[in-house]
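Student: This is the structure I want to talk about, given as C-alpha coordinates.
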Amino acid sequence: MAFTSLIEQITRIILEDSRLDVLINKFTKTKKKKSGKTVKAKLKPNELMQIVTTDPTSIAEDGGEVKKTGKYVQWLIARLLGVNLVCESQFEYGTQDWENCAKQKRELFFEDLYKVTDYLTKFEKLKTMSIYKGEKDINKFKVIDDLFMAIKDYDLNTAEMNTTKEERREMEVHPGAELVFDGDRWKVVKITDNSLGKEAACFYGGNQKETNWCTSGPGLNYYQGYINRGPLYVVMDKTDTSVASPQFGGYGRSDDKDKDHKQTGLPKNRYQFHFEDNMFMNIDDRNIDIVEAMNGEMSELKPFFQPMFLKTMGSGNNKDNGKHIMIKYGNDKFSKYISMYGNEQVFDNLPNDITRFYFEADLKDNYILNVPDVLYDKMDLDILFMEGCLDYLSPKVGNLKNLRVLSISENPKLKELPETICELENLTVLSVINTGVKVPQCIIDRDDDPNDKFYLVQ
(Lines give C-alpha, C1' and ligand atoms only; values in the text may rest on other atoms or scores of the structure.)
Protein backbone atom coordinates (compact mmCIF):
# COMPACT_ATOMS: atom_id res chain seq x y z
CA MET A 1 0.00 0.00 0.00
CA ALA A 2 1.37 3.44 -0.92
CA PHE A 3 2.43 5.78 1.86
CA THR A 4 -0.08 8.46 0.84
CA SER A 5 -2.96 5.98 0.88
CA LEU A 6 -1.96 4.89 4.37
CA ILE A 7 -2.14 8.53 5.48
CA GLU A 8 -5.56 8.82 3.87
CA GLN A 9 -6.66 5.70 5.72
CA ILE A 10 -5.55 7.15 9.04
CA THR A 11 -7.44 10.33 8.27
CA ARG A 12 -10.62 8.37 7.52
CA ILE A 13 -10.56 6.29 10.66
CA ILE A 14 -10.22 9.30 12.96
CA LEU A 15 -13.64 10.12 14.36
CA GLU A 16 -15.60 12.91 12.77
CA ASP A 17 -16.85 13.88 16.22
CA SER A 18 -14.56 16.69 17.36
CA ARG A 19 -15.56 16.72 21.02
CA LEU A 20 -12.54 16.85 23.26
CA ASP A 21 -13.75 14.01 25.49
CA VAL A 22 -14.07 11.74 22.45
CA LEU A 23 -10.55 12.56 21.31
CA ILE A 24 -9.17 12.03 24.82
CA ASN A 25 -10.78 8.61 25.07
CA LYS A 26 -9.70 7.57 21.58
CA PHE A 27 -6.10 8.70 21.57
CA THR A 28 -4.83 9.05 25.18
CA LYS A 29 -6.25 5.93 26.86
CA THR A 30 -4.49 2.57 27.07
CA LYS A 31 -6.93 -0.09 25.86
CA LYS A 32 -7.15 -3.82 26.32
CA LYS A 33 -8.30 -6.06 23.47
CA LYS A 34 -10.52 -9.11 23.99
CA SER A 35 -7.43 -11.23 23.49
CA GLY A 36 -5.96 -9.62 26.60
CA LYS A 37 -3.31 -7.73 24.64
CA THR A 38 -2.72 -4.17 25.82
CA VAL A 39 -2.71 -1.44 23.17
CA LYS A 40 -0.70 1.63 24.10
CA ALA A 41 -2.24 5.09 23.86
CA LYS A 42 -1.37 6.86 20.62
CA LEU A 43 -0.93 10.25 22.32
CA LYS A 44 -0.04 11.60 25.73
CA PRO A 45 -2.72 13.94 27.18
CA ASN A 46 -0.35 16.93 26.99
CA GLU A 47 0.42 16.10 23.34
CA LEU A 48 -3.27 16.11 22.47
CA MET A 49 -3.77 19.46 24.21
CA GLN A 50 -0.80 20.88 22.30
CA ILE A 51 -2.46 19.88 19.06
CA VAL A 52 -5.88 21.23 20.11
CA THR A 53 -4.48 24.62 21.12
CA THR A 54 -2.39 24.78 17.95
CA ASP A 55 -5.55 24.82 15.86
CA PRO A 56 -6.60 28.50 15.56
CA THR A 57 -10.24 27.49 15.09
CA SER A 58 -10.44 25.80 18.51
CA ILE A 59 -12.64 27.75 20.93
CA ALA A 60 -11.53 28.23 24.53
CA GLU A 61 -13.26 29.82 27.51
CA ASP A 62 -11.78 32.88 29.19
CA GLY A 63 -10.13 30.59 31.74
CA GLY A 64 -8.37 28.62 28.99
CA GLU A 65 -10.63 25.56 29.11
CA VAL A 66 -11.36 24.24 25.62
CA LYS A 67 -15.03 24.59 24.75
CA LYS A 68 -14.82 23.15 21.23
CA THR A 69 -11.98 21.58 19.31
CA GLY A 70 -11.17 23.18 15.98
CA LYS A 71 -11.75 21.93 12.46
CA TYR A 72 -8.06 21.10 11.89
CA VAL A 73 -7.38 19.04 15.04
CA GLN A 74 -8.05 15.70 13.41
CA TRP A 75 -5.89 16.58 10.42
CA LEU A 76 -3.03 17.41 12.79
CA ILE A 77 -3.47 14.13 14.66
CA ALA A 78 -3.35 12.22 11.38
CA ARG A 79 -0.14 14.03 10.43
CA LEU A 80 1.46 13.04 13.75
CA LEU A 81 0.40 9.42 13.49
CA GLY A 82 1.72 9.39 9.95
CA VAL A 83 5.31 9.82 11.15
CA ASN A 84 5.21 6.22 12.34
CA LEU A 85 4.49 5.18 8.78
CA VAL A 86 7.45 7.15 7.51
CA CYS A 87 9.68 5.21 9.86
CA GLU A 88 7.96 1.96 8.95
CA SER A 89 8.90 2.55 5.31
CA GLN A 90 12.56 2.67 6.39
CA PHE A 91 12.80 0.19 9.25
CA GLU A 92 11.01 -2.92 10.41
CA TYR A 93 8.15 -2.07 12.73
CA GLY A 94 8.94 -2.58 16.40
CA THR A 95 12.71 -2.71 16.01
CA GLN A 96 15.02 -0.40 17.93
CA ASP A 97 15.80 1.51 14.73
CA TRP A 98 12.09 2.04 14.15
CA GLU A 99 11.61 3.18 17.77
CA ASN A 100 14.47 5.67 17.47
CA CYS A 101 13.14 7.00 14.18
CA ALA A 102 9.60 7.41 15.50
CA LYS A 103 10.82 9.15 18.66
CA GLN A 104 12.96 11.59 16.68
CA LYS A 105 10.22 12.49 14.20
CA ARG A 106 7.62 12.98 16.97
CA GLU A 107 9.99 15.33 18.76
CA LEU A 108 10.56 17.30 15.55
CA PHE A 109 6.79 17.41 14.97
CA PHE A 110 6.12 19.06 18.34
CA GLU A 111 9.17 21.35 18.04
CA ASP A 112 7.77 22.78 14.80
CA LEU A 113 4.16 22.84 15.98
CA TYR A 114 4.33 26.51 16.95
CA LYS A 115 4.68 27.38 13.27
CA VAL A 116 1.52 25.51 12.32
CA THR A 117 -0.84 27.96 14.03
CA ASP A 118 0.37 30.67 11.66
CA TYR A 119 0.10 28.32 8.67
CA LEU A 120 -3.47 27.37 9.51
CA THR A 121 -4.50 30.95 10.30
CA LYS A 122 -3.19 32.06 6.92
CA PHE A 123 -4.77 29.08 5.15
CA GLU A 124 -8.14 29.72 6.83
CA LYS A 125 -8.07 33.29 5.49
CA LEU A 126 -6.68 32.54 2.04
CA LYS A 127 -9.13 29.78 1.15
CA THR A 128 -12.00 32.29 1.28
CA MET A 129 -10.33 34.57 -1.27
CA SER A 130 -10.65 34.22 -5.02
CA ILE A 131 -7.00 35.20 -5.43
CA TYR A 132 -5.93 31.93 -3.77
CA LYS A 133 -5.50 29.22 -6.40
CA GLY A 134 -4.18 26.45 -4.17
CA GLU A 135 -5.85 23.39 -2.63
CA LYS A 136 -8.70 24.29 -0.23
CA ASP A 137 -9.26 20.82 1.24
CA ILE A 138 -6.91 20.50 4.22
CA ASN A 139 -6.95 16.70 3.96
CA LYS A 140 -5.23 16.87 0.59
CA PHE A 141 -2.05 18.03 2.34
CA LYS A 142 -0.33 14.80 3.37
CA VAL A 143 2.39 16.49 5.41
CA ILE A 144 2.60 19.91 7.04
CA ASP A 145 5.30 21.03 4.58
CA ASP A 146 2.78 20.60 1.76
CA LEU A 147 0.51 23.13 3.46
CA PHE A 148 3.42 25.55 3.87
CA MET A 149 4.40 25.27 0.21
CA ALA A 150 0.82 25.98 -0.89
CA ILE A 151 0.52 29.25 1.05
CA LYS A 152 4.07 30.58 1.35
CA ASP A 153 3.99 32.76 -1.78
CA TYR A 154 0.82 34.59 -0.74
CA ASP A 155 1.02 37.85 1.16
CA LEU A 156 -2.22 38.45 3.02
CA ASN A 157 -1.96 42.21 2.88
CA THR A 158 -1.40 42.13 -0.87
CA ALA A 159 -4.10 39.52 -1.33
CA GLU A 160 -6.65 41.66 0.47
CA MET A 161 -5.58 44.73 -1.48
CA ASN A 162 -6.01 42.85 -4.78
CA THR A 163 -9.40 41.52 -3.82
CA THR A 164 -12.31 43.92 -4.19
CA LYS A 165 -14.46 44.75 -1.19
CA GLU A 166 -17.47 43.21 -2.88
CA GLU A 167 -15.51 40.08 -3.73
CA ARG A 168 -14.36 39.64 -0.15
CA ARG A 169 -17.89 40.02 1.10
CA GLU A 170 -19.00 37.37 -1.37
CA MET A 171 -16.29 34.91 -0.47
CA GLU A 172 -15.70 35.39 3.23
CA VAL A 173 -17.71 33.80 5.98
CA HIS A 174 -18.16 35.86 9.11
CA PRO A 175 -16.56 34.38 12.25
CA GLY A 176 -19.18 32.43 14.16
CA ALA A 177 -20.82 31.16 10.96
CA GLU A 178 -20.05 28.24 8.67
CA LEU A 179 -20.50 28.05 4.91
CA VAL A 180 -22.57 24.89 4.41
CA PHE A 181 -23.83 25.32 0.83
CA ASP A 182 -22.46 27.22 -2.15
CA GLY A 183 -24.45 26.52 -5.31
CA ASP A 184 -24.99 28.13 -8.67
CA ARG A 185 -27.42 30.67 -7.29
CA TRP A 186 -27.70 30.23 -3.54
CA LYS A 187 -25.22 30.44 -0.70
CA VAL A 188 -26.10 29.24 2.81
CA VAL A 189 -24.32 29.93 6.08
CA LYS A 190 -25.13 28.14 9.31
CA ILE A 191 -24.97 29.80 12.72
CA THR A 192 -24.81 27.57 15.78
CA ASP A 193 -24.42 28.17 19.50
CA ASN A 194 -20.84 29.37 19.73
CA SER A 195 -18.98 32.30 21.24
CA LEU A 196 -19.18 34.35 18.02
CA GLY A 197 -22.64 33.20 16.92
CA LYS A 198 -24.40 36.35 18.11
CA GLU A 199 -21.97 38.55 16.20
CA ALA A 200 -22.51 36.46 13.07
CA ALA A 201 -26.30 36.69 13.42
CA CYS A 202 -26.05 40.45 13.82
CA PHE A 203 -23.81 40.73 10.76
CA TYR A 204 -25.99 38.64 8.43
CA GLY A 205 -29.04 40.48 9.68
CA GLY A 206 -27.38 43.84 9.14
CA ASN A 207 -27.63 44.64 12.86
CA GLN A 208 -31.41 44.77 12.37
CA LYS A 209 -30.98 47.67 10.00
CA GLU A 210 -30.86 45.81 6.67
CA THR A 211 -33.36 43.22 7.89
CA ASN A 212 -36.06 43.17 10.52
CA TRP A 213 -34.90 39.90 12.11
CA CYS A 214 -35.12 40.04 15.89
CA THR A 215 -32.12 37.68 16.10
CA SER A 216 -29.87 40.39 14.64
CA GLY A 217 -30.56 43.17 17.15
CA PRO A 218 -27.30 43.72 19.09
CA GLY A 219 -29.14 44.66 22.26
CA LEU A 220 -31.88 42.05 22.02
CA ASN A 221 -31.94 38.59 23.60
CA TYR A 222 -34.10 36.80 21.04
CA TYR A 223 -31.04 35.25 19.37
CA GLN A 224 -30.21 33.01 22.32
CA GLY A 225 -33.76 31.69 22.57
CA TYR A 226 -33.73 30.60 18.92
CA ILE A 227 -30.19 29.23 18.92
CA ASN A 228 -30.90 27.13 22.01
CA ARG A 229 -33.56 25.29 20.00
CA GLY A 230 -31.54 24.90 16.82
CA PRO A 231 -29.22 26.57 14.31
CA LEU A 232 -30.01 29.56 12.13
CA TYR A 233 -29.52 29.30 8.37
CA VAL A 234 -29.04 32.46 6.31
CA VAL A 235 -29.82 31.95 2.63
CA MET A 236 -28.38 34.48 0.18
CA ASP A 237 -29.01 34.98 -3.53
CA LYS A 238 -25.61 35.16 -5.24
CA THR A 239 -27.19 36.48 -8.46
CA ASP A 240 -28.74 39.48 -6.72
CA THR A 241 -26.44 42.40 -7.44
CA SER A 242 -28.46 44.80 -5.30
CA VAL A 243 -27.47 45.16 -1.66
CA ALA A 244 -29.73 45.70 1.28
CA SER A 245 -29.87 49.30 2.43
CA PRO A 246 -30.34 50.40 6.04
CA GLN A 247 -34.11 50.49 5.62
CA PHE A 248 -34.81 49.72 9.27
CA GLY A 249 -33.81 51.79 12.22
CA GLY A 250 -32.23 48.82 13.97
CA TYR A 251 -32.28 48.19 17.70
CA GLY A 252 -34.12 51.07 19.26
CA ARG A 253 -35.09 52.17 15.74
CA SER A 254 -32.49 54.92 15.91
CA ASP A 255 -32.08 57.12 12.85
CA ASP A 256 -28.58 58.19 13.85
CA LYS A 257 -26.08 58.04 11.02
CA ASP A 258 -23.60 56.06 13.04
CA LYS A 259 -21.23 53.31 12.02
CA ASP A 260 -23.89 50.64 12.48
CA HIS A 261 -25.69 51.97 9.43
CA LYS A 262 -22.81 50.93 7.22
CA GLN A 263 -23.99 48.41 4.63
CA THR A 264 -22.76 44.83 4.90
CA GLY A 265 -22.73 44.42 1.14
CA LEU A 266 -24.89 41.31 1.43
CA PRO A 267 -27.61 40.82 -1.19
CA LYS A 268 -31.04 42.23 -0.51
CA ASN A 269 -32.59 38.93 -1.52
CA ARG A 270 -31.71 36.90 1.57
CA TYR A 271 -33.63 34.83 4.09
CA GLN A 272 -33.28 33.38 7.55
CA PHE A 273 -34.49 29.82 8.23
CA HIS A 274 -35.12 28.25 11.62
CA PHE A 275 -36.51 24.76 11.15
CA GLU A 276 -37.34 24.04 14.77
CA ASP A 277 -39.82 26.95 14.81
CA ASN A 278 -41.06 26.46 11.27
CA MET A 279 -39.87 29.98 10.35
CA PHE A 280 -38.64 30.92 6.88
CA MET A 281 -38.31 34.69 6.93
CA ASN A 282 -37.52 37.31 4.29
CA ILE A 283 -35.69 40.51 5.19
CA ASP A 284 -38.99 42.06 6.31
CA ASP A 285 -39.31 39.21 8.84
CA ARG A 286 -42.32 37.78 7.04
CA ASN A 287 -42.75 34.04 6.49
CA ILE A 288 -42.36 33.05 2.86
CA ASP A 289 -44.22 30.19 1.20
CA ILE A 290 -41.40 27.68 1.66
CA VAL A 291 -43.07 25.01 -0.49
CA GLU A 292 -43.42 27.43 -3.40
CA ALA A 293 -39.83 28.59 -2.91
CA MET A 294 -38.33 25.09 -2.73
CA ASN A 295 -40.31 23.90 -5.71
CA GLY A 296 -39.41 27.08 -7.58
CA GLU A 297 -36.48 29.47 -7.38
CA MET A 298 -34.78 27.66 -4.48
CA SER A 299 -35.03 24.20 -6.04
CA GLU A 300 -31.24 23.66 -5.92
CA LEU A 301 -31.52 23.83 -2.12
CA LYS A 302 -34.09 21.01 -1.81
CA PRO A 303 -31.58 18.13 -1.51
CA PHE A 304 -29.45 20.07 0.95
CA PHE A 305 -32.29 21.05 3.27
CA GLN A 306 -34.15 17.72 3.13
CA PRO A 307 -32.44 16.30 6.28
CA MET A 308 -33.29 19.48 8.20
CA PHE A 309 -36.96 19.27 7.23
CA LEU A 310 -37.02 15.58 8.07
CA LYS A 311 -35.32 16.03 11.44
CA THR A 312 -37.58 18.80 12.65
CA MET A 313 -40.83 18.23 10.78
CA GLY A 314 -42.55 17.02 13.89
CA SER A 315 -41.22 19.61 16.31
CA GLY A 316 -44.04 21.07 18.35
CA ASN A 317 -46.40 18.26 17.36
CA ASN A 318 -44.55 15.19 18.51
CA LYS A 319 -44.97 13.75 21.94
CA ASP A 320 -43.05 11.04 23.70
CA ASN A 321 -39.80 11.49 21.71
CA GLY A 322 -41.38 11.26 18.31
CA LYS A 323 -43.51 8.19 19.00
CA HIS A 324 -46.70 10.22 18.59
CA ILE A 325 -47.02 11.85 15.15
CA MET A 326 -49.78 14.35 14.37
CA ILE A 327 -50.23 15.74 10.86
CA LYS A 328 -52.85 18.31 10.02
CA TYR A 329 -52.37 18.50 6.30
CA GLY A 330 -51.91 21.99 4.94
CA ASN A 331 -50.91 23.63 8.21
CA ASP A 332 -47.76 22.00 9.56
CA LYS A 333 -44.21 20.98 8.71
CA PHE A 334 -45.21 17.48 7.74
CA SER A 335 -47.46 18.90 5.08
CA LYS A 336 -44.72 21.11 3.74
CA TYR A 337 -42.38 18.15 3.65
CA ILE A 338 -44.92 16.05 1.75
CA SER A 339 -45.50 18.85 -0.75
CA MET A 340 -41.77 19.14 -1.44
CA TYR A 341 -40.54 15.55 -1.28
CA GLY A 342 -43.59 13.32 -1.52
CA ASN A 343 -45.49 11.48 1.20
CA GLU A 344 -43.48 8.26 0.79
CA GLN A 345 -40.48 10.05 2.30
CA VAL A 346 -42.54 10.84 5.41
CA PHE A 347 -43.63 7.26 5.94
CA ASP A 348 -40.22 5.79 5.11
CA ASN A 349 -38.71 7.85 7.89
CA LEU A 350 -41.25 7.25 10.64
CA PRO A 351 -39.73 5.75 13.82
CA ASN A 352 -40.03 1.97 13.96
CA ASP A 353 -41.42 2.19 17.48
CA ILE A 354 -44.09 4.77 16.69
CA THR A 355 -47.20 4.20 18.82
CA ARG A 356 -49.69 6.80 17.54
CA PHE A 357 -50.20 8.28 14.10
CA TYR A 358 -52.74 10.99 13.30
CA PHE A 359 -53.34 12.34 9.79
CA GLU A 360 -56.14 14.82 9.16
CA ALA A 361 -56.95 16.67 5.96
CA ASP A 362 -59.70 19.16 5.23
CA LEU A 363 -62.31 17.63 2.94
CA LYS A 364 -62.44 20.77 0.84
CA ASP A 365 -58.81 20.19 -0.17
CA ASN A 366 -59.87 16.91 -1.76
CA TYR A 367 -56.56 15.38 -0.70
CA ILE A 368 -56.08 11.62 -1.01
CA LEU A 369 -53.27 10.06 0.99
CA ASN A 370 -51.40 7.24 -0.67
CA VAL A 371 -50.43 5.16 2.34
CA PRO A 372 -47.32 3.03 1.72
CA ASP A 373 -47.27 -0.47 3.14
CA VAL A 374 -44.44 0.54 5.47
CA LEU A 375 -46.98 2.11 7.85
CA TYR A 376 -48.54 -1.28 8.46
CA ASP A 377 -45.18 -2.67 9.54
CA LYS A 378 -45.14 -0.47 12.65
CA MET A 379 -46.02 -3.20 15.11
CA ASP A 380 -46.06 -0.87 18.15
CA LEU A 381 -48.84 1.25 16.64
CA ASP A 382 -51.87 1.29 18.94
CA ILE A 383 -53.79 4.36 17.69
CA LEU A 384 -54.29 5.20 14.02
CA PHE A 385 -56.29 8.20 12.77
CA MET A 386 -56.61 8.85 9.03
CA GLU A 387 -59.41 11.30 8.53
CA GLY A 388 -60.40 13.24 5.41
CA CYS A 389 -57.71 11.60 3.28
CA LEU A 390 -58.64 8.02 2.30
CA ASP A 391 -60.42 6.35 -0.59
CA TYR A 392 -58.89 2.95 0.16
CA LEU A 393 -57.75 1.01 3.25
CA SER A 394 -55.15 -1.66 2.62
CA PRO A 395 -55.76 -5.23 3.84
CA LYS A 396 -52.32 -4.93 5.44
CA VAL A 397 -54.00 -3.01 8.27
CA GLY A 398 -54.52 -6.50 9.70
CA ASN A 399 -50.79 -6.61 10.48
CA LEU A 400 -51.22 -4.04 13.27
CA LYS A 401 -51.88 -6.61 15.98
CA ASN A 402 -51.54 -4.08 18.82
CA LEU A 403 -53.96 -1.55 17.33
CA ARG A 404 -56.57 -0.41 19.88
CA VAL A 405 -58.18 2.60 18.14
CA LEU A 406 -58.79 3.04 14.42
CA SER A 407 -60.53 6.15 13.12
CA ILE A 408 -61.19 6.45 9.41
CA SER A 409 -64.02 8.96 9.74
CA GLU A 410 -64.67 11.83 7.30
CA ASN A 411 -63.72 9.75 4.29
CA PRO A 412 -66.83 9.78 2.08
CA LYS A 413 -64.89 8.22 -0.84
CA LEU A 414 -64.03 5.17 1.27
CA LYS A 415 -66.49 2.45 0.30
CA GLU A 416 -65.27 -0.76 1.90
CA LEU A 417 -63.21 -2.17 4.73
CA PRO A 418 -60.88 -5.14 4.26
CA GLU A 419 -61.86 -8.38 5.97
CA THR A 420 -58.45 -8.42 7.65
CA ILE A 421 -59.81 -5.83 10.06
CA CYS A 422 -61.43 -8.79 11.81
CA GLU A 423 -57.93 -9.97 12.76
CA LEU A 424 -57.37 -6.94 15.00
CA GLU A 425 -58.17 -8.69 18.27
CA ASN A 426 -57.04 -5.77 20.45
CA LEU A 427 -59.20 -3.25 18.62
CA THR A 428 -61.57 -1.50 21.06
CA VAL A 429 -62.77 1.50 18.98
CA LEU A 430 -63.55 1.75 15.28
CA SER A 431 -64.89 5.07 13.98
CA VAL A 432 -66.38 5.23 10.47
CA ILE A 433 -68.41 8.48 10.69
CA ASN A 434 -69.20 10.06 7.31
CA THR A 435 -67.91 7.18 5.21
CA GLY A 436 -69.60 4.97 2.68
CA VAL A 437 -68.15 1.74 4.06
CA LYS A 438 -70.01 -1.49 4.57
CA VAL A 439 -68.98 -2.72 8.00
CA PRO A 440 -67.87 -6.40 8.03
CA GLN A 441 -70.12 -8.77 9.95
CA CYS A 442 -67.35 -9.65 12.40
CA ILE A 443 -67.29 -6.01 13.55
CA ILE A 444 -71.07 -5.89 13.89
CA ASP A 445 -71.00 -9.06 15.96
CA ARG A 446 -68.35 -7.64 18.29
CA ASP A 447 -70.33 -4.42 18.69
CA ASP A 448 -73.45 -6.42 19.58
CA ASP A 449 -71.64 -8.61 22.10
CA PRO A 450 -72.20 -7.15 25.60
CA ASN A 451 -69.14 -9.00 26.88
CA ASP A 452 -66.83 -7.52 24.26
CA LYS A 453 -65.52 -4.08 25.26
CA PHE A 454 -65.65 -2.87 21.67
CA TYR A 455 -67.28 0.28 20.30
CA LEU A 456 -68.33 0.95 16.73
CA VAL A 457 -68.80 4.66 16.08
CA GLN A 458 -70.82 5.39 12.92
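The values are calculated or read from the model by the stated rules, or taken from the named source; none is laboratory data. Note that the structure is predicted; figures quoted are calculated from it, not measured. So basically every Cβ, Gly included, is an ideal-geometry build from the backbone, and we count neighbours across all protein chains shown.
Student: Would you check if Thr215 is β-branched (Val, Ile, Thr), at pLDDT 80 or above and not in a loop (DSSP other than H, G, I, E, B)?
Tutor: yes
Student: Here's something else I'd like to know. Where residues in region 157-196 are among the hydroxyl-bearing types (Ser, Thr, Tyr), over 30 Å from Glu276 (Cα atoms) and surrounded by fewer than 16 Cβ atoms within 10 Å (Cβ to Cβ), which of them is modelled with the highest pLDDT? Show your work before the answer.
Tutor: First, the residues of region 157-196 that are among the hydroxyl-bearing types (Ser, Thr, Tyr): 158, 163-164, 192, 195.
Now drop any that are not over 30 Å from Glu276 (Cα atoms), which leaves 158, 163-164.
Restricting the remaining residues to those that are surrounded by fewer than 16 Cβ atoms within 10 Å (Cβ to Cβ) gives 158, 164.
On the way: Thr158: 60, Thr164: 49.
Once the filter is applied, the top-ranked residue is Thr158.
Student: Could you say which residue among Lys413, Lys401 is touching a residue at least 40 places away in the same chain (Cβ under 8 Å) and in the same structural domain as Asp353 (by TED's automatic domain parsing)? Walk me through it before giving the result.
Tutor: Details: Lys401 fails: touching a residue at least 40 places away in the same chain (Cβ under 8 Å).
After ruling out the rest, the residue left standing is Lys413.
Student: In region 321-364, what count of residues is obtained for those that are over 22 Å from Lys413 (Cα atoms), at pLDDT below 75 and under 22 Å from the mean Cα position of the chain (by Cα)?
Tutor: 8
Student: Restricting region 290-304 to residues that are free of Cβ contacts under 8 Å to residues at least 12 places away in the same chain and in a helix (DSSP H, G or I), which is nearest to Thr192 (Cα to Cα)?
Tutor: Pro303
Student: Here's something else I'd like to know. Consider only pairs whose beta carbons are under 7 Å apart and that are at least six residues apart or on different chains; among these, list those whose first residue lies in region 70-90 and is without any contact (Cβ under 8 Å) to a residue 60 or more places away in the chain and whose second residue is of a type in the set (Gly, Ala, Ser) and part of a helix (DSSP H, G or I).
Tutor: Final answer for the pair search is Val83/Ala102; Asn84/Ala102; Cys87/Ala102.
Student: Quick check, is Asp240 modelled with pLDDT of 75 or more, exposed (fewer than 14 other Cβ atoms within 10 Å of the Cβ) and among the acidic types (Asp, Glu)? Before the answer, list the steps.
Tutor: Values: modelled with pLDDT of 75 or more: yes; exposed (fewer than 14 other Cβ atoms within 10 Å of the Cβ): no; among the acidic types (Asp, Glu): yes.
When the stated conditions are applied, Asp240 does not pass them.
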